[in-house]
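The values are calculated or read from the model by the stated rules, or taken from the named source; none is laboratory data. Nothing here was measured: the structure is a model prediction, and the numbers come from that model. Here the Cβ is made from the backbone with ideal geometry for all residues, glycine too, and neighbour counts use every protein chain on show.
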Amino acid sequence: MPRDFPRTRRVGEQLQRELAALIRDEINDPRLGMVSVSAVEVSRDLSHAKVFISTLGEPEAAEASVQVLQGAAGYLRRLLGQRMTLRSVPQLHFNRDYSIEQGARLSSLIDSAVRGDHADNGDSEPDN
């Protein structure tokens with residue numbers, strides 16, 4: 001894994017805050033669902049930024065939201081240039097964040113394993 005530089009981390013955090021506000025306030029596309037910007041990874045030379053978004057709802061709606069944001073990347077980049085004091089604003093690449101879905105799936109697997117373990121032992125109620 002590449003070394004995390006404080007400047008790239010700070011720029012990524014600021015991009016995350018600004019993008020969340022811009023998406024909420026400026027993008028009025030009906031295909032865009034409930035989107036949250038979960039993380040932003042900025043390249044070392046600050047020329048590219050991977051923006052990870054998570055959405056509520058079906059996977060098809062999430063993919064549509066990614067497509068909408070990818071189409072609006074130039075517009076969002078221009079607005080970021082007006083809001084941030086950077087020499088050059090990174091190119092935005094939107095990706096879907098699967099970590100919430102994977103966490104929920106793992107949690108349900110753990111819960112079912114615990115229920116199965118308690119059923120094998122003859123317990124009537126699992127302990128919390």
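The figures follow:
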| quantity | calculated |
| --- | --- |
| Odd one out for Ile27, checked against (1) within 26 Å of Pro6 (Cα to Cα); (2) under 19 Å from the mean Cα position of the chain (by Cα) | (1) |
| Filter result for Ala62 (within 20 Å of Tyr98 (Cα to Cα) and part of a helix (DSSP H, G or I)) | yes |
| Selected residue (criterion: farthest from Gln91 (Cα to Cα)) from residues of the stretch 39-54 that are surrounded by fewer than 17 Cβ atoms within 10 Å (Cβ to Cβ) and in contact with a strand residue (DSSP E or B) (Cβ under 9 Å, 6 or more places away or on another chain) | Ala39 |
| Count of residues meeting criterion [more than 20 Å from Thr85 (Cα to Cα), of a type in the set (D, E, K, R) and in contact with a helix residue (DSSP H, G or I) (Cβ under 6 Å, 6 or more places away or on another chain)] in the stretch 14-71 | 2 |
| Residue in the stretch 89-105 that is nearest to Ala20 (Cα to Cα), counting only those that are at pLDDT 90 or above and of a type in the set (A, V, I, L, M) | Leu92 |
